[in-house]
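What follows is a set of notes on a single structure, which appears directly below.
We did not get these values from a lab; they are worked out from the coordinates using the rules stated. Predicted model, so just to flag it, every value in this text is computed and none were measured. Glycine gets a Cβ as well: all are built from the backbone with ideal geometry, and neighbour counts include every protein chain shown.
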Amino acid sequence: KVLILDFGSQVTQLIARRVREAQVYCEIHPNDVSDDFIKAFMPKAIILSGSHASTYEDHELRAPAQVWQQGVPVLGICYGMQTMAVQLGGQVSWSDHREFGYAEVRAHGHTQLLSGIEDFATPEGHGMLKVWMSHGDKVSALPPGFKLMASTPSCPIAGMADESRHFYAVQFHPEVTHTLKGEAMLRRFVRDIAGCQGDWQMGSYIDEAVAKIREQVGDEEVILGLSGGVDSSVAAALIHRAIGDQLTCVFVDHGLLRLNEGDAVMEMFEGKLHAHVVRVDASELFLKELAGVTDPEQKRKIIGRLFVDVFKAEAEKLKAGDRGHKGAKWLAQGTIYPDVVESGGTKTKKATTIKSHHNVGGLPEQLGLKLLEPLRELFKDEVRALGVALGLPAEMVYRHPFPGPGLGVRILGEVKKEYADLLRRADAIFIEELRGWKDEATGKSWYELTSQAFTVFLPVKSVGVMGDGRTYDYVVALRAVQTSDFMTADWAELPYGLLKKVSGRIINEVRGINRVTYDVSSKPPATIEWE
Ligand code: XMP
């Protein structure tokens, strides 16, 4: 296994991810672990991460001496390279001026790490790499025994190696995707240089995660808020695998779910997995509190508040130990790594709130429960792979995101049961057709080719004609977008034939809707959801 020592970089988890992609097991630990810890860990290789910008002033951050004595390959990245240089007798020139960004690095000599790995060659035949670099502080003199491995005009020592000891270091970041060959470099390091087998898979992750959850929780009971979304579903399936009946899922049905969604969640978790699920039908309460409210932010706040109230009331009961239970001590959440970064790691704060999101942060403290977050280190696609490995249906694991406030933000203005019922039926038709309509060029369905697709209910009526009669009914809008990060998005160029079929079916099958429109706005300036 590989030991990653974290000096506080925001992208340390990406190093772990790349190592996992090379099918090698790794663990991240703080940079100041003891020498004994390293000996006991028995790593096959050690990777030293970069560091957060603010700790650059803290030149005292060092790797434990044992790192250099363990006799295994070491890779230093960015700050990790600098500390390697300083600790092994080289020099670093510190500066308060830093540069981030794309760079082209020339690879020197033929180190095992970079040999044969290049993005292009110069006319003189030098191998060049396209990388993501951050420097300011930089290594200015090689430590004894090291040779130059890479350089750029502004960073003459951008990589160094002592191949007799298998020590390698790079100033750039191989773990980020902007470094095109980064994955290949990390793979070369852990597989070829360190000789790790490459037999680690999601299946082994399950075993490790299960063991960890059992150790953490012991014989205590756990509550989990199940929403039917990917993250909470995978967390529930994983925790259930680990502790079975010690887990109780609470599924708050706010009445703003999609067609049959609540039943499908129950069938999967109670029916198939035999997990304890408490379904709380709170739809009447939500509809009552939303009556007469038209302002989107106010609607979001009401839904968020009620959700927390209902969940808390149920959790309090479970904590007190009803239904033959002795009382829960833990609250589990499906927090994944990007959530961790978003809620604390990053320095930037959004200047204005565009939309207030459903937020259940702070609940564990309020409830006096310990927090269990088994997906905290995983990225979304890894969570999906884990879900499949746990036996969840692909349809559930690869579904589009669904916002916490549900149909509440897809019914414009006041939320009414009548509107929700119409919307649910129209939306189900749209999604069914998207799943069924294959793109010839790629063989993929349009559900797979879009990142998010749904129907929006417009509480306005328009005139139509059906048979011999006049209709005066509601309008819906179809929305389908393509995006990689949901921060910006393009409207999807759905085939006309597909749009035609969807509109025909909705108008014929959903009495009460006589007009279907397609939303051709990109984000920005529009947002993905309409409210
Ligand atoms: P917008 O509409 O801001 O949406 O472009 C970006 C993404 O966020 C989702 N979204 C939410 N997700 N709680 C959530 O969990 C919310 O309150 C919420 N509001 C928007 C939206 O569906 C899209 O994927």
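Observations, loosely collected:
- Separation between Cα centres of the range 477-526 and the range 375-407, rounded to whole Å: 24
- DSSP bridge orientation in the chain - percent antiparallel, rounded to nearest 5: 50
- Within straight-line reach of Lys461, meaning a Cα separation under 13 Å, sit the following aspartates and glutamates at least 8 residues removed in sequence or on another chain: Asp473.
- Relative contact order %, the chain, counting alpha carbon pairs below 8 Å whose residues are six or more apart: 10
- Cross-link reach list, lysines versus Lys147, counting only Cα pairs under 16 Å and skipping chain neighbours closer than eight places: Lys138
- Net charge dipole, the chain: roughly 640 debye, given to the nearest 20, about the Cα centre with Cβ charges of +1 for Lys and Arg and -1 for Asp and Glu.
- Average projected area [Cα convex hull, the chain], square nanometres: 28.6
- Counted as membrane-span-like here are DSSP H helices of the chain whose alpha-carbon atoms extend 15 Å or more along the helix's own axis and whose Kyte-Doolittle mean is 0.5 or above; these are 230-243.
- Neighbour-limited loop hits for GluC sites (Glu not before Pro), the range 422-468 (at most 15 other Cβ within 10 Å; DSSP other than H, G, I, E, B): Glu440
- Global geometry of the range 31-125, whether rounded, prolate or oblate, following the gyration tensor of its Cα atoms and the 1.5 cut on a/c: oblate
- Local electrostatic count at Glu377 - Lys and Arg +1, Asp and Glu -1, tallied over other residues with Cβ under 12 Å: -2
- Cα gyration tensor shape for the range 96-175, rounded if a/c is under 1.5, else prolate or oblate: oblate
- For the residue pairs Lys444/Lys500; Lys1/Lys272; Lys272/Lys438, alpha carbon separations beyond 23 Å are given by Lys1/Lys272; Lys272/Lys438.
- Out-of-range pairs (alpha-carbon distance over 29 Å; input Lys39/Lys212; Lys380/Lys523; Lys39/Lys130; Lys130/Lys380): Lys39/Lys130
- Full-extension gain in nm, Glu99 to Gln298, via 0.36 nm per residue minus C-alpha separation: 67.3 nm
- Value of [θ]222 nm, deg cm²/dmol, for the chain, DSSP H segments ≥ 4, -39500 (n - 2.57) each, nearest 500: -9000 deg cm²/dmol
- Under 20 Å of direct C-alpha separation, and excluding same-chain neighbours fewer than eight residues apart, Lys288 reaches these lysines: Lys299, Lys301, Lys312, Lys416, Lys417.
- Each 10 Å bin from zero up to the one holding the largest Cα-Cα distance in the range 240-310 carries the following percent of pairs: 18, 42, 27, 12, 2.
- Glu267-Lys416 pseudo-label distance in nm [points 7 Å out on the Cα-to-Cβ vector]: 3.1
- For Cys249, distant residues with modelled amide H under 5 Å away: Leu224, His276, Val277, Val278
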